[in-house]
Amino acid sequence: MTALPPHRHGDPTRPARDPARTLRRFALAAAVLLIVGFGAGALFGRVDPQRAARLVVSEFTEVEDGPADAPGPDPAFPATGPQRGDPACGRIDTPLDPGDQVATIAAGVVLVQHRTDLTPEQVAYLDELAGRDRVAVAPTDALEEDGPVVVATSWRHRMSLDRVDRELLEAFVTGHVDRAPAVTACPRTR
């Protein structure tokens, strides 16, 4: 029978471990894990769905930096201005006048306006979108046949699309809802 090699704990010729060295190694490993953990937390902690959604639509969005008391540059689709009307949510069957548009977006609601010649599938999607909290969907006569099909507007931001793009509309709503000077409970549905 062959003898087993001496075990390191049982080998009397092996020097004993230095407890201070073991403690230093443990402290170094804990420090590295802590730094990596904080770095990952800082990196992943910045994940904000609204910020990410705004980044998705940033290249399609126009920013209007007018003062809060001045009308927006486009009276058909004002993105700023004094609150002159009544805010709304949900599906609206008639076009909104500019005062109601400003009041709606000043309340933090995203207003999606569309041409009247949409396909039934597009209308069904916009009806679904109107069912979301803090979204208003209305037709408008201001969109010309050769222009955009849909205009999504929030306070200071507007996105014009030449088709009903679900991803972009969802991202615009997610990124811009409740970003207004007078955010209130969702106003009445018309």
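The values are calculated or read from the model by the stated rules, or taken from the named source; none is laboratory data. A quick note: this is a predicted structure, and the numbers were derived from the prediction, not measured. Glycine also receives a Cβ, built like all others from the backbone with ideal geometry; neighbour counts cover every protein chain displayed. Side chains are part of the model used for accessible areas, which takes the heavy atoms of the whole protein and leaves out ligands, DNA and RNA. Shrake-Rupley method; radii C 1.70, N 1.55, O 1.52, S 1.80 Å.
With respect to the conditions (1) under 18 Å from the mean Cα position of the chain (by Cα); (2) farther than 17 Å from Arg91 by Cβ, Ala142 lacks only one, and its number is (1).
Please go through the stretch 95-121 and give me each residue that is out of contact with any strand residue (DSSP E or B) (no Cβ under 7 Å at 6 or more places or on another chain) and either farther than 18 Å from Leu161 by Cβ or surrounded by 24 or more Cβ atoms within 10 Å (Cβ to Cβ) (or both), ordered by number. Selection gives Asp97, Pro98, Gly99, Asp100, Val102, Ala103, Ala106, Ala107, Gly108, Pro120.
The set of residues from the stretch 138-166 being surrounded by fewer than 22 Cβ atoms within 10 Å (Cβ to Cβ) and over 16 Å from Ala76 (Cβ atoms) comprises Arg156, Asp162, Arg163, Val164, Asp165, Arg166.
Here Val135 does not fit the description of being open to solvent by less than 30 Å² (accessible area, probe 1.4 Å), touching a strand residue (DSSP E or B) at 6+ places or on another chain (Cβ under 6 Å), under 21 Å from Val63 (Cα atoms) and free of Cβ contacts under 8 Å to residues at least 40 places away in the same chain.
Restricting the first member to the stretch 74-85 and to residues that are modelled with pLDDT under 70, and the second to residues that are among the basic types (Lys, Arg) and assigned to a loop (DSSP other than H, G, I, E, B), no beta-carbon pair is closer than 8 Å while six or more apart or on different chains.
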